[in-house]
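Visitor: Please find one structure pasted underneath; my questions will follow.
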Amino acid sequence: MSEYKSVNEIKKDTKKNESKKIEDRGILNGLEQLTPEKIESVINQVINDETGARLKVYVDTCVHCGMCSKGCHFFLSLNDPKFSPAGKVKQTLWEILRKKGKVSTEFIKDAATVAYTQCNLCKRCAMYCPFGLDVAYVMSVMRRICHKLGVVPLYIQDTAHSHSATMNQMWVKDDEWVDTLMWQEEEAQEAMENLRIPLDREGADIFYSVIGPEPKFRAQLIFQAAVIMNAAHENWTMPSMPGWDNSDMCMFTGDYEMMERLKRRHFESALHLRAKRIVMGECGHAFRSVYDVGNRALGWKMPPIEVVHAIEYYNELFEQKKIKIKKKFDRPVTLHDPCNISRGRGLHEMARNIVNATCSEFIEMTPNREHNYCCSAGGGVINCGPPFKNARVESGKAKAKQLFAAKAKGAEVVIAPCHNCHGGLEDIIHHYGVEMELKFFGDIIYEILELPES
Amino acid sequence: MSNYDKWDWDTSKKKVADLSAWRERFPYIEEFRVSHDGEKVAAIVKNEDMEFTVCVQSEDNEPETWENGYDKAWNLQFGPDDRLSALVSDAGEWKVSTDDETWENGYDFIWNMKFNSNGNIAVSAQKELLYSVVNNDTPWENEFSRLTDMVISPDGDKTAAVVESVPVLESEIFKFRQGCYSIAVNGETWDRNFMNVWNPSFSDDSNHIAASVRTSYYDYYIVVDGKTWDKSFSSVWEPRFSPSSIEKSSITAPNGELLNKELHPHNYSVTAPVKRGGKWYLAKDGEIFWDRPYFQLWQQFYSPDGTKIAAIVAPEFGKWTIALDNTPWEIRFSDYLSDPLFSPDGNGVACLFKDKGKWGVAVDGKAWDCLFDMVWQPVFSNNGSHLAVKFKKDGFYHIALNGNIIDEKYDDLANPIFSPDNSSILVRGLQGSSYNRKVIKI
């Protein structure tokens, strides 16, 4: 049987998908404040002042061949041409350019839904396009327009507001941050006497930064990182003041002014403490923001301070024999390659080095490395919240198949070194009944780590 | 900086403390702090009851711990007056302790300890989930649901912070857009709210406050004493006041305090980097002041007499330098620029740079030959004729003076301080287990 549906089946599916009207107060209430003049004015300002040859080349070069479709997990999961990357451009920027910004509020509503919730900005399609066109960039331009129009899904907009008021994405107050670090330090002292999470230590080799959800929901990851840092006898620090959160939902809402403010605060936090380098926790989008997008928006070709993702750091720990393990993790594992650090940064082989150093049995997921499917949560899609959850999980059908295939070969545990991937994969595993356990590399390393005697 | 001109500038070397005795005595020692005058060394330690306390040692004395022990202590700092303060917690109540004397008032948490140049202390505080500022043990009368970015005025009498002036719940995105944030000064909020407020800053006469705000996603303003500039910009960075007094025949202490100053008040102005049409400019009192567009511009800074202004700029993408009165230095650096400053006489400008992964010092558009693994804030002598930095290379700390390495290597080192007469440098550093105070003649 062909893996592709007939035209009639596609038409039926398209109708089914169209009938799923999404109600989001951020989008709907935002539309109420628009006028045709404002829409046209904002669109033309963004197109004329903020885009240039890149957008023009992408739009003019596309020959509508549809080769990008196989690159998109939305299309692979839903088998509807509307969800092909070219189809998404057709529903957004092509129409906007064709009409020179004279589009309706209804159009903006649909375009916002497509740009924010039906594209993970994972850039997989760019590898399947014969010209290498980057549809994620085109979707980002659409998001930028929606941000300036004030038509953004409520949950991710709220996260961007949190960034602007607190410099972190979870409304964590200044005192709650330090209190959480002290709490985790105390907890970790049960494992290692006199263990420290050194605050504001000047001249440290490592400035360790995390994303907002860690102190809010996953504080044990800070605990684990502290144990690993102490076991490796690192000269490290964490800041006591805002600037500790490396994440960046503003990059995904299109609020680039705030993205710049966030990244500047993050870099300056580390540089003010004269840290040698930033080591980031296991997060993909934050790495994209710190290493690629945010730094360049501020005027740096590369980050002003060396930035190292947790995968690079853990790999270094094993290569330099800075930590020892008691024994290898003995349950069969598979590895999910997060888009931003695999396709975006090429850390997939290092990730495999860590798997091999820590786990006794490794079963590859297929496809993998830079061809891996997105978890359907990235690009801020999971941050758009409950109104879009069902649609998001349905777009993860291809990922579920991938997980089932790895499970059929014996894998019991999925390692996903990215927070958003964890959120997305948790939902997919639950929805499709995959019944696999999810772990970060930090979980595995902490579990098998041999603690030094003193 | 208390008694800066009366410090011991004659004794060439003192051994302030033998830290091996500390290591034998205490199972737990945090980072060492040294007083500005170099006469005392201190650290947070755990005592025999495994409580957190502070140990201090000076020359010819044994290490001495504070009498009080705590469940937790952090943020140990010598203030500008060389009194030693820490944030301490006992049975869940947090207080400031200075030289082992704790404040009367306690809180559920305190943080962000700030000093003015006289040693006044302010902290941000939280009690029963309400937020305020405490200045020398006196809390604001008003409390807020959220507070951040606290600053203390130069005279120490005022504190200000960004506050949530209209309580807003998570997910109330349209209420947020209407403006729920403002500045509170000594607990009293401005009468206007903004969507966001950042970077409050006092004028140096302590009478005015400027900040950056946004009133919508694309209208950014500079606000002074609650009133916005007339024009909005697509983004802004932190505003700074021009110096509001001119000093003559003065000496600048390491904390920036002017000794023997003569005040000549004049009108202040406010400058800020502003973004328009995708490029950055320097604006003054609401109007474009530097008309040359930059890819990036921030950290503008004034000569002490206020007649010159300079800033860190990127004239092109990925190329950084200093612009002095809107004229960029010819030299460019690839990675980073920081800690820019004028010499006290206003004739020189220095900054730190990072280029191709190595740190260095640039003065008046020329880079020193020596490069470092890391370097700290540059320090001018009071007459502006010398520049010194602390730096790290190959795992050890050193002092460089005017581009040349002086003295020995150290395991740890505080920033250098010039003597009031510019003839000597005070070096405070750890060598092996000895914390030494040295006065090096230039």
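The values are calculated or read from the model by the stated rules, or taken from the named source; none is laboratory data. Here the structure is a predicted model, which means the values were calculated and not measured. No Cβ is skipped: glycine too gets one built from the backbone with ideal geometry, and neighbour counts run over all protein chains shown.
Visitor: Tally up the residues in region A:318-362 that are among the charged types (D, E, K, R) and buried (at least 24 other Cβ atoms within 10 Å of the Cβ), please.
Guide: Residues meeting the conditions: 1.
Visitor: Tell me whether region B:339-356 contains one or more residues that are closer than 30 Å to B:Y4 by Cβ, under 22 Å from the mean Cα position of the chain (by Cα), part of a strand (DSSP E or B) and among the small types (G, A, S).
Guide: yes
Visitor: OK, next. Just one of A:G281, A:G294, A:G254 is crowded, with 24+ Cβ neighbours inside 10 Å, small (G, A, S), more than 14 Å from chain B (Cβ to nearest Cβ) and farther than 27 Å from B:V123 by Cβ; which is it?
Guide: Matching residue, one of A:G281, A:G294, A:G254: A:G281.
Visitor: Which condition number in (1) surrounded by fewer than 22 Cβ atoms within 10 Å (Cβ to Cβ); (2) part of a strand (DSSP E or B) is the one that B:P273 fails?
Guide: Exception for B:P273: condition (1).
Visitor: Let me ask something additional. With among the acidic types (D, E), at the interface with chain A (Cβ under 9 Å from one of its Cβ atoms) and either crowded, with 23+ Cβ neighbours inside 10 Å or touching a strand residue (DSSP E or B) at 6+ places or on another chain (Cβ under 6 Å) (or both) as the only criterion, which of B:E170, B:E164 stands out?
Guide: The unique qualifying residue is B:E164.
To keep it simple, each residue is scored yes or no on (1) within 17 Å of the chain's Cα centre (by Cα); (2) under 25 Å from B:G357 (Cβ atoms); (3) not polar (S, T, N, Q).
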| position | (1), (2), (3) |
| --- | --- |
| A:F252 | yes, no, yes |
| A:M258 | no, no, yes |
| A:H266 | no, yes, yes |
| A:L298 | no, yes, yes |
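Visitor: Given the conditions (1) of a type outside the set (D, E); (2) within 18 Å of A:I323 (Cβ to Cβ); (3) within 14 Å of chain B (Cβ to nearest Cβ), which single one is not true for A:V178?
Guide: Single failed check for A:V178: (2).
Visitor: It is to be established whether one or more residues within region B:317-338 are in a strand (DSSP E or B), under 22 Å from the mean Cα position of the chain (by Cα), within 11 Å of chain A (Cβ to nearest Cβ) and under 23 Å from B:I209 (Cβ atoms).
Guide: No, region B:317-338 has no match at all.
Visitor: Yes or no: region B:1-9 includes at least one residue that is in the same structural domain as B:V88 (by TED's automatic domain parsing), hydrophobic (A, V, I, L, M, F, W, C) and touching a His at 6+ places or on another chain (Cβ under 8 Å).
Guide: yes
Visitor: Hey, any hits in region B:368-390 for a residue that's closer than 22 Å to B:E31 by Cβ and more than 14 Å from every other protein chain (Cβ to nearest Cβ)?
Guide: yes
Visitor: Right, here's the next one. Would you confirm whether any residue within region A:208-217 is more than 9 Å from chain B (Cβ to nearest Cβ), under 26 Å from the mean Cα position of the chain (by Cα) and over 22 Å from A:H266 (Cα atoms)?
Guide: No, that holds for no residue.
Visitor: A further question on this structure: So, A:D248, is that one under 27 Å from A:G379 (Cα atoms), in contact with a Leu (Cβ under 8 Å, 6 or more places away or on another chain) and crowded, with 22+ Cβ neighbours inside 10 Å or not?
Guide: For A:D248, the condition - under 27 Å from A:G379 (Cα atoms), in contact with a Leu (Cβ under 8 Å, 6 or more places away or on another chain) and crowded, with 22+ Cβ neighbours inside 10 Å - is met.
Visitor: Can you pull out the residues in region A:402-433 that are more than 21 Å from the chain's Cα centre (by Cα) and closer than 20 Å to A:G378 by Cα?
Guide: A:Y432
Visitor: Go through (1) over 24 Å from the mean Cα position of the chain (by Cα); (2) within 22 Å of B:S234 (Cβ to Cβ); (3) within 14 Å of chain A (Cβ to nearest Cβ) one by one and return the number of the condition B:I288 breaks.
Guide: (3)
Visitor: State all residues of region B:386-430 that are among the polar types (S, T, N, Q) and surrounded by fewer than 16 Cβ atoms within 10 Å (Cβ to Cβ); if no residue qualifies, say none.
Guide: Hits for region B:386-430 are B:N402, B:N404, B:S423.
Visitor: Also, quick follow-up: Name the residue that is surrounded by the most Cβ atoms within 10 Å (Cβ to Cβ), counting only residues in region B:340-368 that are among the charged types (D, E, K, R) and under 25 Å from B:P293 (Cβ atoms).
Guide: Ranking the candidates gives B:K354 first.
Visitor: Take A:N340 and decide whether it is of a type in the set (S, T, N, Q), assigned by TED's automatic domain parsing to the domain that holds A:A411 and touching a His at 6+ places or on another chain (Cβ under 6 Å).
Guide: Spelling it out, A:N340 is indeed of a type in the set (S, T, N, Q), assigned by TED's automatic domain parsing to the domain that holds A:A411 and touching a His at 6+ places or on another chain (Cβ under 6 Å).
Visitor: May I pose another question? Name every residue in region A:420-435 that is within 21 Å of A:R331 (Cβ to Cβ), in contact with a helix residue (DSSP H, G or I) (Cβ under 6 Å, 6 or more places away or on another chain) and either at pLDDT below 95 or not hydroxyl-bearing (S, T, Y) (or both), in order of residue number.
Guide: A:I428, A:V434 - these are the residues of region A:420-435 that are within 21 Å of A:R331 (Cβ to Cβ), in contact with a helix residue (DSSP H, G or I) (Cβ under 6 Å, 6 or more places away or on another chain) and either at pLDDT below 95 or not hydroxyl-bearing (S, T, Y) (or both).
Visitor: While we're on this one: What's the number of the only condition in (1) closer than 20 Å to A:E185 by Cα; (2) touching a Phe, Trp or Tyr at 6+ places or on another chain (Cβ under 6 Å) that B:W74 fails to meet?
Guide: For B:W74, the exception is condition (2).
Visitor: Can you find even one residue in region A:125-143 that is surrounded by fewer than 22 Cβ atoms within 10 Å (Cβ to Cβ) and within 14 Å of another protein chain (Cβ to nearest Cβ)?
Guide: Within region A:125-143 (the criterion being surrounded by fewer than 22 Cβ atoms within 10 Å (Cβ to Cβ) and within 14 Å of another protein chain (Cβ to nearest Cβ)), the answer is no, since none of the residues qualifies.
Visitor: Within region B:145-173, which residues are in contact with a Leu (Cβ under 9 Å, 6 or more places away or on another chain) and not in a strand (DSSP E or B)?
Guide: Passing the criteria: B:S145, B:S171, B:I173.
Visitor: Answer with yes or no whether A:W236 is surrounded by fewer than 24 Cβ atoms within 10 Å (Cβ to Cβ) and touching a Lys or Arg at 6+ places or on another chain (Cβ under 8 Å).
Guide: Yes.
One line per residue, one yes/no per condition, for (1) within 14 Å of chain B (Cβ to nearest Cβ); (2) under 26 Å from A:G243 (Cα atoms); (3) part of a strand (DSSP E or B):
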residue: A:K301; (1), (2), (3): yes, yes, no
residue: A:V307; (1), (2), (3): yes, yes, yes
residue: A:I311; (1), (2), (3): no, yes, no
residue: A:F318; (1), (2), (3): no, no, no
residue: A:R331; (1), (2), (3): no, no, no
residue: A:D337; (1), (2), (3): no, no, no
residue: A:R345; (1), (2), (3): no, yes, no
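Residue-wise test of (1) surrounded by fewer than 16 Cβ atoms within 10 Å (Cβ to Cβ); (2) in contact with a Pro (Cβ under 8 Å, 6 or more places away or on another chain); (3) at positive phi.
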site	(1), (2), (3)
B:D137	yes, no, yes
B:L147	no, no, no
B:S153	no, no, no
B:F202	no, yes, no
B:T215	no, no, no
B:D225	yes, no, yes
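Visitor: Can you pull out the residues in region A:157-171 that are crowded, with 22+ Cβ neighbours inside 10 Å and more than 7 Å from chain B (Cβ to nearest Cβ)?
Guide: A:T159, A:A160, A:H163, A:M167, A:N168, A:Q169
Visitor: Looking at B:T307, is it closer than 17 Å to B:P243 by Cα and either touching a Ser or Thr at 6+ places or on another chain (Cβ under 6 Å) or of a type in the set (S, T, N, Q) (or both)?
Guide: Yes, satisfied.
Visitor: Going by the conditions given, is A:E426 in a loop (DSSP other than H, G, I, E, B) and without any contact (Cβ under 8 Å) to a residue 60 or more places away in the chain?
Guide: Here the answer is no, as A:E426 does not meet what is asked.
Visitor: Take the conditions within 23 Å of A:A136 (Cβ to Cβ) and polar (S, T, N, Q) and apply them to A:N315. Does it pass?
Guide: no
Visitor: Okay, moving on. With the condition being within 21 Å of the chain's Cα centre (by Cα), I'd like the helices (runs of 4 or more DSSP H) fully within region A:34-148 carrying at least 1 qualifying residues.
Guide: A:73-78, A:85-89, A:105-117, A:124-128
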